[in-house]
Structures are given as structure tokens and as C-alpha cells.
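For reference, the structure discussed in these notes is given below.
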Amino acid sequence: MSKNKNINYSLDSALIQKTSIGLTDLEIARKIIHDHQFNKSKSTLFSQGKRTDCFFTEDSKLYITPREQKLFEKGVALNQSVKDWDSLSARVIKGYIERVPRQKDTSFLYKKLLQRCEKFGEELSVGSRNVIERFSVVKLWNASIIAAILFGMFTMTMIYRHLGQGAFAGSTDGSSIVQKDSDSSPVLLTESQVLGAEDSSDEDEIDNQDNVEYIEKVIQNLEKSEKRELEKEIKKMVEGYPIEKMVPYIVEKDKIVVAFLIGIAKKESNWGKRVPVLNEQDCYNYWGYRGKRRMMGTGGHTCFNSRKDAVDTVAKRLEWLVNNNKLNTPEKMIIWKCGSTCEGHSRYSVQKWISDVNMYFQKLND
């Protein structure tokens, strides 16, 4: 009775059983070594239960792959050349530079690029409009007048310096003959004697002083017109609120102080609708000011004698903080709300105070 022997075949050269090589049979040893090296570099395809050592890959270009079939259906031209000098250029798509992606085929990065370009254009447009809107017609008109005056002064100075001293009446050589009296001979006067050096210098000083006074008057007129425009803007803003009666006193202050007076008053008292009182009388304290005085209102707030007294007192304090402590923004002026520290206040209330004051501060301090 014969027995079936199970023979195991190795699919991988790594599991090939090592056999001892005898030194007596050199030819057998060489064949075993040759087969061993050949098997290590050989490729074998296992597919559908079969094993084959002869097969083709996509780079062989002997058949159309499913991926290439989808590209063909979309109308993409492929490089079918089999004589490429290296394998890296196999099956390269033709004309990919000229191809413009359709909307449904547009890649994610391409869409992002279009979105960013569109957003950049919008931001550039908004930024240019904001720059133009910051300069009112009145400001542009005032700036043009000042520029014209300065240009005229410079032009007249240059003309006088280079041409004024060369034009004299009398002789062509810059001298003049004057008869001193009937018995004496004529006297030849030089240029400086005719004009008078002292007189000409005095005239220069007078002209310069007149120019300075004229410029000062122009600047004063421009400041007055700007204050009138600012007063109109603030009155329109606070129309119907108690602080409206204080506007003539407010606009007399520096522009940054005006912006703080309006912004802080809106936050602290809603422009005078929530105020401390004394004997049921308005204390005119619309800014939450707590300076010690003989008359103190509800909540430990100061009571002022009049609207002008209130504006002058609060404005003086704000001017000192702006000029000495450099508190020139609502964020820096937060000490008006918190005092020396904001530890006892919530972060939300601090940020809300800054944002509310800044809303009107930016409108009036542009």
C-alpha cells in the first residue's frame, strides 16, 4: 500500500529550504546558487487561483485601464507613445496646460483662489471708499485754501528775493544824481542811499508781520468754520437728549476731548437721561464724575453748579489724562470706568464700555 506524500512548495524564496552544499559536486552547487538568486529578483502574479510569471502592468500600454477609460469618456487626450525615453512620462495627459477646468471639475484649491481674489477686490474697494469718506468737503476746501496761501507766499518771496532788488528808477547803473542846493554841485547817490537800507529792512519786517497776521486770521476763520460744522454734527447726533444744551460749551474744547465727552456721556448716562440728582434737581453730571465737592448727588457723584461748570470740570480732567498719561483711546481711558484696576469688573462689562465709547469717539475724532 502506497502512501501519498504531501510535498510543500515555497511561494517565496525567503522560505526556500537551505541545503548543504557539498564540496565534491561543484556543478550542483552552482546551479542551486543560480536558482536562488534568480528567484529573489523574479515577479510572480497570483490572480483567480492561478500563478503566472508572465504578466503586463499599466505601463506596458498593452490595454486600457478603467481609470484611462473614464478619462477617454471625458474627452481627455492621452499620450499613447511607447517610445518615451523614460518610464516617468508614460500616459501623460496631452494639452493639460491649455485645458480650462469646467465648473464641476474645478479643484478645491482653484475655488479657494477665486474666492480669495474676489474677497481681496472687495476689501480694496471698501478701503478706498473709507479713505475718501474720511475727508469731508469742508476739510478738503480748507486744505486747498491753506495750500494756495502758502504757495502764494513762497512765490512772492522768491520773486522779491531774485527780482525786487534789481528794479530801480533813475540811472541804469544803480545810482542817482540829486541836487543838494543851488550853490553846491550835484551829489551822486548810491543805490543804498536812494532806497535806504534801513527803510527797506523795516518794510521787509512789516511785510512779514502782515503775512503772519493774515495767515493767523485765515487759520482762525478755518477753525471757526470747522467748529460750526462739528457743532451741527453733534447737535444732529444728540437731538432730543438733555446734553444737547451743553453742545456750545463742548465744541470749544480740543477735538479729542470733545470725542471723549460725547462718547463717555452716551455710555454713562445715555446723554443725560440717567443722571444723579440732588433734592430732585439735575446735577448735570452726565459722565459718572466722582470728584469731591460741597454738593454731592446720588451714588456718590458730583453735582455741578451749571452746565458750563460741568463741561469745563470734566473736560479739564480729560485733558490732563490725555496730555499727561497719554490716554488717547477708549481702551486706554478705561480707568474712567474701573479706576486704578479692573479686577472687580467682569471682562464683558469692560469690553462693552470700550466698544460703546469707541463708537462715537471714532465718529468725532477722525
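Spin-label model, residue 351 to residue 126: label points 7 Å out along the Cα-to-beta-carbon direction sit 2.0 nm apart. Measuring against 28 Å, Cα to Cα, the residue pairs 235/316; 227/352; 273/337; 217/267; 326/352 contain 227/352; 217/267 as the ones spanning a longer distance.
All other residues whose Cβ lies under 14 angstrom from that of residue 302 are scored, Lys and Arg at +1 and Asp and Glu at -1, for a net of +3. Using a Förster radius of 41 Å, what is the FRET efficiency between residue 244 and residue 157 based on their Cβ-Cβ separation? Nearest 0.05, please. Efficiency computed from Cβ-Cβ geometry: 0.30. Treating r as the C-beta distance of residue 118 and residue 147 and R0 as 30 Å, the FRET efficiency rounds to 0.20. The Cβ shell under 13 Å around residue 278 holds other residues with a net charge of 0, Lys and Arg each +1, Asp and Glu each -1.
Quote the charge dipole size of region 261-366 about the Cα centre in Debye, to the nearest 20; the model charges only the Cβ of Lys and Arg (+1) and of Asp and Glu (-1). Could the numbers behind the result be given before it?
Details: 18 positive and 10 negative charges, 20 e Å.
Charge dipole, region 261-366, about its Cα centre: 100 debye, nearest 20.
Using the Kirkwood radius over Cα pairs, work out the Stokes-Einstein diffusion coefficient for region 242-364 at 25 °C and 0.890 mPa s, in µm²/s as a whole number. Value of D from the Cα-based Kirkwood radius: 168 µm²/s. In whole angstrom, region 292-366 maps to an equivalent ellipsoid with semi-axes of 23, 18, 13, each derived as √(5λ) from the alpha carbon gyration tensor and ordered largest first.
Bear in mind that the values in this text are calculations on the coordinates, not laboratory data. In this text, all values refer to a predicted model and were calculated from it rather than measured experimentally. Neighbour counts are summed over all protein chains in view; Cβ atoms, including those assigned to glycine, are modelled from backbone coordinates with ideal geometry.
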